[in-house]
1. Specify the angular offset, from 0 to 90 degrees and rounded to the nearest 10, of the alpha carbon long axis of helix 111-121 from the longest principal axis of the alpha carbons in the chain.
2. In nm², what is the average projected area of the convex hull enclosing the Cα atoms of region 59-106?
3. What FRET efficiency, computed as 1/(1 + (r/R0)^6) with R0 = 45 Å and r the Cβ-Cβ distance, is obtained for residue 75 and residue 243, rounded to the nearest 0.05?
4. Run the numbers on region 83-123 and let me know its relative contact order in percent, using alpha-carbon pairs under 8 Å that are six or more apart.
5. May I ask you to derive the FRET efficiency for residue 14 and residue 184 from their Cβ-Cβ distance with R0 = 25 Å, giving the value to the nearest 0.05?
6. Suppose accessible area is computed on protein heavy atoms with a 1.4 Å probe; arrange 149, 251, 34 from highest to lowest.
7. Could you state the accessible area per residue of region 114-189 in Å², with a 1.4 Å probe and every protein chain left in place?
8. Find the relative contact order for the chain and round it to a whole percent, using C-alpha pairs within less than 8 Å whose residues are 6+ positions apart.
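The values are calculated or read from the model by the stated rules, or taken from the named source; none is laboratory data. What you see is a predicted model, and the numbers here were worked out from it, not measured in a lab. So basically every Cβ, Gly included, is an ideal-geometry build from the backbone, and we count neighbours across all protein chains shown. Keep in mind that these areas ignore ligands, DNA and RNA; they rest on the heavy atoms of the full protein, side chains included. Shrake-Rupley method; radii C 1.70, N 1.55, O 1.52, S 1.80 Å.
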Amino acid sequence: MLNTVNQIGKALRRAGRLETTPLCIYGQNDVPEDAKPLVSIDSCAAKALLIAATRKTPPLYLGHDGLKGVCMGGITWLGFARKISPYIRYFVSTGHENFRGGMAEHLKASPEIFDKFRESIGPITVPGKYLVIRSCEDFPPDEEGTDLDLRSVLCFGTGQQIRNLCSLIHFRTENPFNSIIAPFGPACATMVTYPAHMAEKTPEGTAFIGPLDPTGNRWFPEEYMALGIPLDLARLMYQDLEESFIVKNPDVAYPHEREDLMPEK
């Protein structure tokens with residue numbers, strides 16, 4: 001392989017000066033050694049990912065034999081549900097009297113708009129029997145080139161850190177509009193489904209910033225964002241790091257002196 005997952009993870013952590021650990025996302029047909037079910041960390045897949053990036057955890061996996069206790073949203077959006085509940089279109093929008101007493105998230109204006117949104121994504125397919133998430137820096141180099149289906153890298157950082165990683169993505173872009181987008185969807189889709197290209201209609205060569213799902217605001221840190229990067233794009237960031245502004249003009253990326261433009265309290 002052109003460069004290892006381990007090297008890419010270290011480069012992205014260096015580029016972003018991240019205090020969190022970049023995670024790699026891949027498919028595998030058997031459970032990795034020493035891996036634990038994702039639900040052993042948290043029932044919310046997105047929350048488990050943040051915990052894995054901020055604390056020392058074993059590799060985490062999702063499979064049909066390890067879904068008990070995982071939230072239904074995660075099971076659906078990570079490709080393990082064969083069909084979606086007919087009431088979800090109401091729950092995400094205006095509510096329905098026959099579902100949770102009419103409870104609604106009011107994230108979409110109408111059930112019909114949710115239907116169009118879901119159609120625009122296409123079918124979601126897991127890249128193996130098991131979906132695996134682990135620290136890039138803990139990824140065993142001797143496993144690369146085997147039957148693993150390596151898909152993407154996930155980074156968590158502050159606004160400045162994620163801005164700089166996004167600028168590194170743009171080091172070689174000619175069209176500024178397609179390389180990074182902030183799509184609607186649950187947090188786990190922004191972090192995994194879209195960048196790992198598990199959704200059929202995912203745009204090619206695109207990184208995903210978010211999450212834009214406000215239902216996670218209770219636990220997702222106010223000052224943080226997530227950046228899901230397809231592996232080929234992360235590889236280019238690794239290759240470009242030494243020639244980019246981050247290494248050659250670091251005071252622009254991480255200034256020692258700053259202007260305080262925030263309003264006085």
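1. With both axes taken from Cα atoms, the answer is about 50 degrees.
2. On the way: hull surface 16.5 nm².
Averaged projected area of region 59-106's Cα convex hull equals 4.1 nm².
3. For residue 75 and residue 243, the calculated efficiency is 0.60.
4. Details: 49 pairs, mean separation 13.7, N = 41.
33 percent.
5. Numbers: r = 32 Å, r/R0 = 1.26.
The pair residue 14/residue 184 has a calculated efficiency of 0.20.
6. I get 34, 251, 149, largest accessible area first.
7. Working: 3420 Å² over 76 residues.
With all protein chains present, region 114-189 gives 45 Å² per residue.
8. Working: 473 pairs, mean separation 66.0, N = 265.
Relative contact order comes out at 25 percent.
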